[in-house]
2 protein chains.
Amino acid sequence: MSELKNDRFLRALLRQPVDVTPVWMMRQAGRYLPEYRATRAKAGSFMDLCRNPDLACEVTIQPLERFPLDAAILFSDILTIPDAMGLGLTFNTGHGPQFDKPVRSAADVDNLPIPDPEGELKYVMDAVRTIRRELDGRVPLIGFSGSPWTLATYMVEGGSTKEFGKVKGMMFDQPELMHRLLDKLAQSVTSYLNAQIAAGAQAVQIFDTWGGVLTPRDYQEFSLRYMQQIVDGLTREADGRTVPVILFTKGGGQWLDKMAASGADCLGVDWTIDLSDARQLAGNAIALQGNMDPCILYSNPERIREEVASVLASYGKGEGHVFNLGHGIHPNIDPDNVGAFIEAVHALSAPYHR
Amino acid sequence: MSELKNDRFLRALLRQPVDVTPVWMMRQAGRYLPEYRATRAKAGSFMDLCRNPDLACEVTIQPLERFPLDAAILFSDILTIPDAMGLGLTFNTGHGPQFDKPVRSAADVDNLPIPDPEGELKYVMDAVRTIRRELDGRVPLIGFSGSPWTLATYMVEGGSTKEFGKVKGMMFDQPELMHRLLDKLAQSVTSYLNAQIAAGAQAVQIFDTWGGVLTPRDYQEFSLRYMQQIVDGLTREADGRTVPVILFTKGGGQWLDKMAASGADCLGVDWTIDLSDARQLAGNAIALQGNMDPCILYSNPERIREEVASVLASYGKGEGHVFNLGHGIHPNIDPDNVGAFIEAVHALSAPYHR
């Protein structure tokens, strides 16, 4: 493997000194880039793009060709695991993901296989290997998975939901069944992420998109507990370097103290909490990633620069900050505004690292 | 006006002693009730039902015939104000509310009229008068409005949104224009709620459904500030009694200290924060309303009773608690489970008021 030329991101995750604050964006390989839309059109469906390692590699690297980002993230989807479990995933324009066979009964849960990462999910590992080779040490590659609770929401609901009635119905009415499902998902995610690490992922992020819809008690019992189980089971070293783990619960700002006890290296934070408060709540033994409102990118370079300055000031001096949006970049954003954003993070952050 | 036979709800809002904790449910007049669905079918469209004072009264009172609820809430919609401003509101099944003429430019904002509550919105005041007469003092009647920020999200987006790109785009790129829109909405909401109070509403609630999608700074500047302006302008007495004001920001649990300084009598709380923490954060000079996860009602009477006990214990001893769900009841809930819920609140709460 080539030597890593830019390790700011990995250093910040481990709270080691850096020259400027590293930055990447959730969904940085995505529809706001015309070159992404061209590759996507060539690939066929969204899942066809995920399943083609060469094209997945192409779109993963596209944003790095435009912007001096400090990390690449595997192009894939959080629903690859339930898809590999045989639930029949399709993406229909305007309706989001849908499963042909939602998980509703005890038999449905007990019949779910734990996918083989080098079997049904080999296309993901092939993408990781291809991207890692093509990156050639330029920046680190992030692997990822959905959290067990987040995967369960889609699997039980059969797709996206605003109300979470079916999945919470199962959780409240049949908690033991829900625990069996979550345990199976935690086992699947652990082996999936370990395979990504073996294939070349240099850091991993667990996306808990829907942990924030739970009560504090239920978050700990049904979401955090299974992320903890995954963190405990991960290979934490590769190529002689630590492989840092990032947990991101959207809407989980109030629970950073609980998340900090999980053994993760870094917590993702959305924009509904100030980073100064987040830092205090999480304690100073863990890095934070975030947390600019992605909608700032609808404004203009001057306003974006102001907001970057505000987020940097909110985190303040000291190591352990990875700059990111608080959620994925939207499809309608002007790439020039993204350029202004990334430039501002590097230009304005140096004083915080002296 | 008839004497109020059950004033638990009003007393709890003012932190006065009660025998048991009062309870009502957001969207208690709604699709989970077969008798509601029958009236709705008779009325025509959803807005036809809102515009018919007799039928609006009928559905307002339906849940009180089934359950010993401690308050009635006017059957209406938060979007009556933008509708009365001439934006052309329609509700399309599966797509939620839609406006023919979304608000996008300075001219759009400046041309918006401030609706006359006894003119274009007279149907709402007629409904309040009809319901108040029909209630005949059984329980108090709650009036309500959307918050300026929440109304603005629908008006600028043209309907529902998950990303808030257009409304936040305006907020970040043209903050002065957004302030002009919000000020006009705050004036409209103030006169609308004062007219409801004059027509007979005995408490009012401001629904800030979307304040929780903002940063702490933007919440204060673009949502809370305008709710404060409304609270300052409300008539706070009618029939010789105080008319309490409830503010409810969904996802606003972390900002209860800021909300408590608004002069409102009560803060609505969703289930993502424990009431014990909420009480501490809000200080002890304000009542709290909430906060059971509505999805508990998908389970069974025994589990529901356990959860009611848990929410009551979380608030603890002392006055100032109005029991409610943390958000509206879902359409698929079994009314028998609702009965078990309401019964449990009254049965289990007496020890907290001795």
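Read-outs throughout are calculated quantities, based only on the coordinates presented, and are distinct from any laboratory measurement. This structure is a prediction, so every number in the text was calculated from the model and none was measured. So basically every Cβ, Gly included, is an ideal-geometry build from the backbone, and we count neighbours across all protein chains shown.
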>> Compute a Gaussian network model of chain B, connecting alpha carbons closer than 10 Å, and tell me which residue from B:PRO63, B:PRO148, B:PRO97 fluctuates the most.
In response: B:PRO97
> Given the protein assembly as shown, what percent of its DSSP beta bridges are antiparallel, to the nearest 5?
Replying inline: 25 percent
>> Can you give me the long-range amide H partners of B:ASP208? Hydrogens built in the peptide plane at 1.01 Å from N, cutoff under 5 Å, separation of 5 or more residues or another chain.
In response: B:SER147, B:PHE248, B:THR249, B:LYS250
>> Using a 10 Å cut-off around each Cβ, can you sort B:TRP255, A:TRP271, A:TRP149 from fewest to most neighbouring Cβ atoms?
In response: B:TRP255, A:TRP271, A:TRP149
> Which listed residue (B:LEU64, B:PRO175, B:ALA201) has the Cα farthest towards the positive end of the charge dipole for region B:29-288, taking +1 on Lys and Arg C-beta and -1 on Asp and Glu C-beta about the Cα centre?
Replying inline: B:LEU64
> Which of the trypsin sites (Lys or Arg not before Pro) found in region B:244-334 are loop residues per DSSP with 16 or fewer other Cβ atoms within 10 Å of their Cβ?
Replying inline: B:LYS317
>> Need one number for region B:282-354: average projected area of the convex hull over its C-alpha atoms, nm².
In response: 4.8 nm²
>> For region B:255-321 and region A:317-348, what is the centre-to-centre distance using only Cα atoms, to the nearest Å?
In response: 37 Å
> So what is the 222 nm mean residue ellipticity for chain B from helices alone, if each DSSP H run of at least 4 adds -39500 (n - 2.57) and you divide by all residues, rounding to the nearest 500 deg cm²/dmol?
Replying inline: -13000 deg cm²/dmol
> In the protein assembly as shown, with Lys and Arg counted as +1 and Asp and Glu as -1 at Cβ, which of these residues, B:PRO244, A:ALA282, B:PRO301, has the Cα nearest the positive end of the dipole, that is, farthest along it?
Replying inline: A:ALA282
> In peptide B:302-310, how many Cβ atoms from other protein chains are near each Cβ within 10 Å, on average?
Replying inline: 1
> In peptide A:162-173, how many Cβ atoms from other protein chains are near each Cβ within 10 Å, on average?
Replying inline: 6
> Under a 5 Å amide H to amide H cut-off, with H placed in plane at 1.01 Å, what residues pair with A:ILE73 once short-range neighbours are removed?
Replying inline: A:ILE142
> Residue by residue, what Karplus-based ³J(HN,Hα) values in Hz, rounded to whole numbers, does region B:165-176 have, using 6.51, -1.76 and 1.60 with θ = phi - 60° and x for Gly and Pro?
Replying inline: x, 6, 5, 6, x, 5, 4, 7, 8, 9, x, 5
>> Skipping prolines and chain starts, which residues have an amide H placed within reach, meaning under 5 Å, of the one on A:ASN324, given they are 5 or more residues away or on another chain?
In response: A:GLY290, A:ASN291, A:MET292
> How big is the gap, in Å, between the Cα center of region A:146-191 and the Cα center of region A:15-87?
Replying inline: 25 Å
> Going out from 0 in 5 Å bins, what whole percent of all Cα-Cα distances in region B:145-262 drops into each bin?
Replying inline: 2, 12, 23, 23, 18, 12, 6, 3, 1, 0
> What does the charge dipole of the protein assembly as shown about its Cα centre add up to, to the nearest 20 debye, if the Cβ of each Lys and Arg holds +1 and the Cβ of each Asp and Glu holds -1?
Replying inline: 240 debye
> For the rotation that superimposes chain B on chain A, which residue of B has the C-beta lying nearest to the axis, and at what distance in Å?
Replying inline: B:GLN254, 3
>> Using the Karplus curve 6.51 cos²θ - 1.76 cosθ + 1.60 with θ = phi - 60°, what ³J(HN,Hα) values do you get for each residue of region B:182-192, in whole Hz, with x for Gly and Pro?
In response: 5, 5, 5, 5, 4, 4, 5, 5, 4, 6, 5
> Using a Gaussian network model of chain A with C-alpha springs under 10 Å, which one of A:GLU157, A:GLU65, A:GLU237 is most mobile by mean-square fluctuation?
Replying inline: A:GLU65
> Looking only at A:GLY316, A:GLY290, A:GLY252, which one moves most when chain A is put into a Gaussian network model with springs between Cα atoms under 10 Å?
Replying inline: A:GLY316
>> What does DSSP give for chain A in terms of the percent of beta bridges that are antiparallel, rounded to the nearest 5?
In response: 25 percent
>> Loop only by DSSP, 14 or fewer other Cβ within 10 Å of the Cβ. Give me the trypsin sites (Lys or Arg not before Pro) in region B:1-76 that pass, ordered by residue number.
In response: B:LYS5, B:ARG31
> Bin by bin, in steps of 5 Å, what percent of the Cα pairs in region B:29-288 do you find, going until the bin that has the longest distance?
Replying inline: 1, 6, 13, 17, 19, 18, 15, 8, 3, 0, 0
> For the protein assembly as shown, what's the radius of gyration and Dmax over Cα atoms, in angstrom?
Replying inline: 26.0, 84
>> Stokes-Einstein diffusion coefficient for region B:79-229 at 4 °C in a medium of 1.567 mPa s, Rh from the Kirkwood formula over Cα pairs: what value in µm²/s?
In response: 81 µm²/s
> Short version: ³J(HN,Hα) in whole Hz for each residue of region A:271-286, in order, from phi by Karplus 6.51 cos²θ - 1.76 cosθ + 1.60 (θ = phi - 60°), x for Gly and Pro, what are they?
Replying inline: 7, 7, 9, 5, 4, 5, 5, 4, 5, 5, 5, 6, x, 9, 9, 8
